[in-house]
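A short write-up of the structure that comes next.
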Amino acid sequence: MLRIKKASFLLLTILVSVTLFGFTKAGDDPIKKATTQLDKWVAGHPQEKVYLHFDKPYYTVGDNIWFKAYVTVGPRHQLTGLSGTLNVELIDSRDSIKQSIKLPLTAGLGSGDFPLSDTLAAGNYRIRAYTNWMRNAGPDYFFDKTIRIGNSANNTVFTKTDYAYATKNGQRTIKASINYANLNGEPYANKEVSYQTQINGKNAERGKGVTDGKGNLQIDFINNAAQFKQGAIVSHIKIDDKKTIVNTIPVNAIAGDVNIQFFPESGNMVNELPSKIAFKAVGADGLGKAINGTVVDNNGQEIAKLTTSHLGMGAFIMVPQAGQTYTAQVTFDDGSKVVLPLPKAIEQGYVLTVNNTLDPDNIAIRITASKELIGSEVGLVIHSGGDVCYATKVKLENIITAAKVSKQSFPSGIAQLTLFNSAGEAVNERIVFINNPDRLTLNIAPQQATFATRGKMKFDITAYAPGDKPALSSLSAAVIDESKVPVDESDETTILSSILLSSDIKGYIEKPNYYFADNNEQAAADLDLLMLTQGYRRFEWKQVMNDNFAPSLFAAERGIRVSGQVMDGKKPVVGGKVTLFNTQRGMFMVDTLTDENGRFSFDNLEFKDSVKFVVQARTAKNKKYVDVNLDKITRQQVEPNVNAPDMDVNIDNTMLTYLLSNSAFLKEEMNAGIGNHNILLKEVTIRETKKPILQTSSNLNGPGIADQVIKGDIFENTPCLNIIDCLAGRIAGVTFRDNKAYFGGATSISFDSPMQIIVDGIYVEPDFLATLNSRDVGSIEVLRSIGYTGLYGARGSAGVIVVNMKTGAEMGNYSKYFPGVVTAAAKGYYQARSFYSPQYNDPKINAALADLRSTIYWNPSVVADKDGKASIDFFNAGSKGNYRVVVEGIDSDGHIGRHVYHYKVE
């Protein structure tokens, strides 16, 4: 909300004439240099963006996550031809990759899925997607979405937690009030609970307690962390004499602090010049907080009022005066107060003021300059994604110089305005969001007038480009029963919010689709506040102007690549023949020659799953005693979750409606013997003769004498390259973080200590697992209980994982067999599964299962033809409710669109 104190004072003290400036040809410095340099940067750094459209907003274990990938390049959002491979990862709350797949892209499009085994722990996860080329810009620009995964399949204890923060004896404390209940809300009263608190992955405090008559337990612990990254409470509740349930409850903050920052429009406050000051109040949990207050000068005189208008953001206008300092006196919702200094105003300079909401057709721009700078020349460059849309050079003849720029010059999305002084230095910046009518218009129309349970549905879809032109488009369609899966439209990630907004600015954006769900004046004003408090930073002008371009370390992948170097001693082999072949799933062979540096590469390979290749090299004279060194593929590190504020402390409560409805569906799947389900047996004592016998093993207890044995043949068709990707969710009670295994069962030692890894009898570091190729593994033995770990002494105190490699296999990214020959394991493309859409007129249908569906229909491959027409058809489920159809997509010219349609099944 904008407030100004004594507007008449402002008008009286700034009596100026206004100079209007318009577009001029960008032929002179500094504009010429700025536009030329920006063109060079764009040419060498084309910007790819990824968006994933999911079938629904959250899931439970046993579900399938279905998604369609849209990868665009450039400010006009055209489907990319730069990359042909997309990496998609499912990551848990400890930043450990649980599943990882490579998808082939055809003209920037692809589809995939993640099956969620019921051995997966419930919690907050993320799905990250990026091309290899996008790694040059960094993970801030990856697609990264926090997603909830609940458990209604085999979980019997559900929690609801509230946190409070206090200071006791000079130490900050956290008070967690936890309620334990079953799925139907019945409390676990008078039950013993033991717990372990963790802050930043390290154990904090242990304790015990008993729930009260309503299933409540209060846990107090001290916060000793200087900086908070992640936290959890691991509780063990004993629901009967034989059964203890483990719950991991996220800690989303370790204090109740609110951080307030002030952002003068375009960079600085300047004495004697009016300026808009935006501010943002963010809680320790990363979410916006409401505040009120006033701005006063050093004489205690009130200058302006400040009030948040949306998600902790707001703005006010003031005219700083020389010799004065300013403070904000802030009051929080709980009545507490704080006094904060405002940024210090500079003596002279420019203020770039933009009004993007007053006129729907134009951007109003005003350059205000100090008296000392009247007569100077400045340049203004406005670009969108590096594409210069407007540039001008103007002489400032008065304190205020103003202009209007047509929005039709820009594509929808973020535009950056930069003001350059006469020396060519960028002195002011401001970003705005352009919301033009240049979207793909999608419409959905049902062919039937009634919507019955089990009824056959057919919807016509039309796609129109701007100007009502039929658009050849690639679309994806999802239909869910919203009565079972309630949706917060403003909290969703959509093709509009992702491609146009979050993919271009760093940092967390709260409720991104709020700005697109309702196209009204308030949403536009709130979006401008977001632009004022969150900047565009794909490049720094100083570096661009000085030709200081960051090198591109990661090449665009058009296909799978195997590359390396052939050496004869210390000399590279020039003109040597290199052959790549495999004998798995059909013979494949291709060859090439080494260059002057002995290097070779096989590009644009296409194969499914993970394949082991043989690379053979010879000199030009057929000499075979050479060394083949394959390039190692560096894994993308998992950075802390930028969307951590989206992590839900009370997943069970938030997803209760879905958990209740999905429980019956999953039980029906298990009864039918289908779905992503593994039967977990209760702990029993098994005689040694019943243990699976292994041919080779370094297990001190004897081959197969372990708590769990995993045979290597299960990895044959698993879409993962290293053991960690494959084992995630397969080992009972074991979680992976930072490439290390931790056992967290009720009888385990500690999350602090990683399990000991032993490979063919050799004790290796805990993170050595990440270097192993799953196809080289013969078997894995997991030792958790003291009866099996005792022989390993102190080394086995946190549990042991014994890895037995296949005979003849060696560790590493590749294995050398003979001179001039190596084997290379390469991760292939994931073959996406097809969504099963049941037909009630099929006599073989499992009607009971079809009746309980929550995702009614998913189709990632809907195509609107040259006339802009497409259609989808499916059967409603067997339950009444409010159904929701979402269609998203892109046309051949890069126009993107989304449409949501609701109908009621009765």
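Where in region 821-877 are there strands (runs of 3 or more DSSP E), lying wholly inside it, with at least 2 residues that are farther than 30 Å from residue 581 by Cα and not basic (Lys, Arg)?
855-864, 869-875
So which residues in region 658-702 are modelled with pLDDT of 85 or more, closer than 19 Å to residue 117 by Cβ and of a type outside the set (Gly, Ala, Ser), if there are any at all?
658, 659, 662, 665, 666, 667, 668, 669
Being modelled with pLDDT of 95 or more and crowded, with 21+ Cβ neighbours inside 10 Å is true for just one of 472, 532. Which residue is that?
532
I'd like the full set of residues that are surrounded by 14 or more Cβ atoms within 10 Å (Cβ to Cβ), at negative phi and touching a residue at least 24 places away in the same chain (Cβ under 8 Å), limited to region 205-221.
Scanning region 205-221 gives 211, 216, 217, 219, 220, 221.
With the condition kept exactly as written, say whether any residue in region 366-377 is touching a Pro at 6+ places or on another chain (Cβ under 9 Å), more than 23 Å from residue 528 (Cβ to Cβ) and not basic (Lys, Arg).
Scanning region 366-377 turns up at least one residue that is touching a Pro at 6+ places or on another chain (Cβ under 9 Å), more than 23 Å from residue 528 (Cβ to Cβ) and not basic (Lys, Arg).
Per-residue answers, yes or no, for (1) touching a strand residue (DSSP E or B) at 6+ places or on another chain (Cβ under 9 Å); (2) among the basic types (Lys, Arg); (3) under 30 Å from residue 574 (Cβ atoms):
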| site | (1), (2), (3) |
| --- | --- |
| 628 | yes, no, yes |
| 644 | yes, no, no |
| 667 | no, yes, no |
| 674 | no, no, no |
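So, in region 157-174, exactly how many residues are among the charged types (D, E, K, R) and either closer than 30 Å to residue 663 by Cα or not assigned by TED's automatic domain parsing to the domain that holds residue 237 (or both)?
Here the count works out to 2.
For a quick check of your reading of the model, give me the residue pairs whose first member lies in region 852-877 and is under 16 Å from residue 463 (Cα atoms), whose second is modelled with pLDDT of 95 or more and of a type in the set (Phe, Trp, Tyr), with beta-carbon atoms closer than 6 Å and at least 6 apart or on different chains.
868/464; 872/459
Considering only residues that are surrounded by fewer than 21 Cβ atoms within 10 Å (Cβ to Cβ) and over 21 Å from residue 412 (Cβ atoms), which ones fall in region 448-469?
448, 449, 450, 451, 452, 453, 454, 455, 456, 458, 460, listed by residue number.
Which residues, counting only those in region 534-559, are of a type in the set (A, V, I, L, M, F, W, C) and within 16 Å of residue 139 (Cβ to Cβ)?
550, 553, 554
Here's a check for you: in region 65-77, which residue that is in a strand (DSSP E or B) and either at pLDDT below 95 or among the hydroxyl-bearing types (Ser, Thr, Tyr) (or both) is farthest from the chain's Cα centre (by Cα)?
Out of the qualifying residues, it is 72.
Can you name the residue in region 626-639 that is assigned to a loop (DSSP other than H, G, I, E, B) and at pLDDT 90 or above and is also nearest to residue 229 (Cα to Cα) among such residues?
Per the criteria, the residue is 639.
Select, from 604, 597, the only residue that is within 38 Å of the chain's Cα centre (by Cα) and either exposed (fewer than 14 other Cβ atoms within 10 Å of the Cβ) or in the same structural domain as residue 30 (by TED's automatic domain parsing) (or both).
Only one candidate qualifies: 604.
Just one of (1) in a helix (DSSP H, G or I); (2) out of contact with any Asp or Glu (no Cβ under 8 Å at 6 or more places or on another chain) trips up residue 37, so point out which.
Checking residue 37 against (1) in a helix (DSSP H, G or I); (2) out of contact with any Asp or Glu (no Cβ under 8 Å at 6 or more places or on another chain), the one that fails is (2).
Go through region 512-529 and report how many residues are under 24 Å from the mean Cα position of the chain (by Cα) and farther than 23 Å from residue 895 by Cα.
Total satisfying the criteria: 2.
In this structure, does residue 113 turn out to be among the charged types (D, E, K, R), at pLDDT 90 or above and within 30 Å of residue 727 (Cβ to Cβ)?
It is true that residue 113 is among the charged types (D, E, K, R), at pLDDT 90 or above and within 30 Å of residue 727 (Cβ to Cβ).
Out of the residues in region 273-307 that are touching a residue at least 40 places away in the same chain (Cβ under 8 Å), out of contact with any helix residue (DSSP H, G or I) (no Cβ under 8 Å at 6 or more places or on another chain) and in a loop (DSSP other than H, G, I, E, B), state the one that is farthest from residue 491 (Cα to Cα).
273
Applying the selection to region 308-343, what residues are small (Gly, Ala, Ser) and not in a strand (DSSP E or B)?
Within region 308-343, 309, 312, 322, 323, 335, 336 qualify.
Find the residue count for region 377-435, including only residues that are buried (at least 22 other Cβ atoms within 10 Å of the Cβ), of a type in the set (Phe, Trp, Tyr) and either outside any loop (DSSP other than H, G, I, E, B) or in contact with an Asp or Glu (Cβ under 6 Å, 6 or more places away or on another chain) (or both).
Final tally of qualifying residues: 1.
Would you check if residue 547 is among the acidic types (Asp, Glu) and part of a loop (DSSP other than H, G, I, E, B)?
yes
Can you pull out every residue in region 365-376 that is of a type outside the set (D, E, K, R) and part of a strand (DSSP E or B)?
Result: 365, 367, 368, 369.
Counting only residues that are at pLDDT below 95 and either within 15 Å of the chain's Cα centre (by Cα) or among the hydroxyl-bearing types (Ser, Thr, Tyr) (or both), how many does region 142-158 have?
2
Out of all the residues in region 727-743, which are in a loop (DSSP other than H, G, I, E, B) and among the β-branched types (Val, Ile, Thr)?
731
Among the residues of region 789-809 satisfying the criterion of being more than 20 Å from residue 740 (Cα to Cα) and touching a helix residue (DSSP H, G or I) at 6+ places or on another chain (Cβ under 8 Å), which is modelled with the lowest pLDDT?
Filtering region 789-809 for residues that are more than 20 Å from residue 740 (Cα to Cα) and touching a helix residue (DSSP H, G or I) at 6+ places or on another chain (Cβ under 8 Å), the one modelled with the lowest pLDDT comes out as 809.
Please determine whether any residue of region 617-635 is within 30 Å of residue 62 (Cβ to Cβ) and out of contact with any Phe, Trp or Tyr (no Cβ under 6 Å at 6 or more places or on another chain).
Yes: one or more hits.
Only one of these conditions is not met by residue 280: (1) in contact with a strand residue (DSSP E or B) (Cβ under 7 Å, 6 or more places away or on another chain); (2) charged (D, E, K, R); (3) surrounded by fewer than 21 Cβ atoms within 10 Å (Cβ to Cβ). Which number is it?
(3)
Only one residue in 239, 249 is of a type in the set (A, V, I, L, M), touching a residue at least 12 places away in the same chain (Cβ under 8 Å), under 29 Å from residue 154 (Cα atoms) and crowded, with 16+ Cβ neighbours inside 10 Å. Which one?
Just a single option satisfies the conditions, and that option is 249.
Can you find even one residue in region 146-162 that is in contact with a Leu (Cβ under 9 Å, 6 or more places away or on another chain), under 29 Å from residue 509 (Cα atoms), in a loop (DSSP other than H, G, I, E, B) and not small (Gly, Ala, Ser)?
Yes; the residues of region 146-162 include at least one that is in contact with a Leu (Cβ under 9 Å, 6 or more places away or on another chain), under 29 Å from residue 509 (Cα atoms), in a loop (DSSP other than H, G, I, E, B) and not small (Gly, Ala, Ser).
Only one of 399, 444 is assigned by TED's automatic domain parsing to the domain that holds residue 31, of a type outside the set (Gly, Ala, Ser) and at negative phi; which?
Unique residue meeting the criteria: 399.
The values are calculated or read from the model by the stated rules, or taken from the named source; none is laboratory data. Just so it is clear, the structure is predicted and the values come from calculations on it, not from any experiment. Using ideal geometry, Cβ is built from the backbone for each residue, glycine included, and neighbour counts are taken over all protein chains shown.
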